[in-house]
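Notes follow the structure.
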Amino acid sequence: MAAPGELILMGPPGSGKGTQAKLLASRPGWLHLSTGDLFRENLRNGTPLGRLAEQHMSKGEYVPDDVTVEMVRERMSQVAPAVHVIFDGFPRTVPQAEALDVLLAEAGRRVTRVILIDVKRDELIARLAKRAEGRSDDSPEVARKRFDVYQEQTRPVLEHYERKGLVCRIEGIGTIDDVQDRIRAATP
Ligand code: AMP
């Protein structure tokens, strides 16, 4: 098995990706890096980056690639060499994936696994609808739209890693522990 390196966790909205990433990073020697969390932290602290990110986040748009990559580069510069990183919500575009490859290589690091939490479209829509309990933004129509947007934007990123033979799909159905066990079994 390949030596462990960096890990990317991908999955559609409602797949439990954030929960799984946090659990996975609770092991010693792992760090959870969520770009969404970093943007929100900057926003809370009132930094210029936070204000810029907010302009995009509030509209449901992506923050520009250069800004996002710079933030990840800065965060990565603080990570001890022995610590492995679990990326959550990054990379979301092909330019981000390419920039990540370069910045990791510069640090003597590399992605060794991309785990895709697979949940069928109908199951996700049912979960979101259940979670919403009548909330309009999780209506079946909006849930379907979110899933389709995710599919459209994520496919090219997935293909980037598929070409490198790094993608492992795991079944996202079952309890949190079931899914966590599958992720751990798929992690070098
Ligand atoms: P998340 O918590 O991952 O759902 O991210 C919340 C919001 O932060 C997203 O809707 C985007 O506006 C922004 N964001 C998070 N990660 C990225 C990224 N990798 N690229 C661009 N924007 C991002």
Condition check for Arg109: out of contact with any Leu (no Cβ under 8 Å at 6 or more places or on another chain) and in contact (Cβ under 8 Å) with a residue 40 or more places away in the chain = yes
Filtering region 154-180 down to residues that are out of contact with any helix residue (DSSP H, G or I) (no Cβ under 8 Å at 6 or more places or on another chain), open to solvent by 70 Å² or more (accessible area, probe 1.4 Å) and not charged (D, E, K, R) yields Thr175
Note: among Arg109, Arg113, Arg51, just one is open to solvent by 20 Å² or more (accessible area, probe 1.4 Å), more than 13 Å from the ligand (Cβ to nearest atom), in a helix (DSSP H, G or I) and not aliphatic (A, V, I, L, M), namely Arg51
Starting from residues that are farther than 27 Å from Arg144 by Cα and either open to solvent by 70 Å² or more (accessible area, probe 1.4 Å) or among the aromatic types (Phe, Trp, Tyr) (or both), keep the ones in region 11-42 and report whichever is nearest to the ligand (Cβ to nearest atom).
-> Glu41
Just to be sure, is Arg73 within 16 Å of the ligand (Cβ to nearest atom), over 26 Å from Glu171 (Cα atoms) and open to solvent by 60 Å² or more (accessible area, probe 1.4 Å)?
-> yes
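The values are calculated or read from the model by the stated rules, or taken from the named source; none is laboratory data. This one's a predicted model, so the numbers in the text were calculated from it and none came from an experiment. Glycine also receives a Cβ, built like all others from the backbone with ideal geometry; neighbour counts cover every protein chain displayed. Note: areas computed on protein heavy atoms with side chains; ligands, DNA, RNA excluded. Shrake-Rupley method; radii C 1.70, N 1.55, O 1.52, S 1.80 Å.
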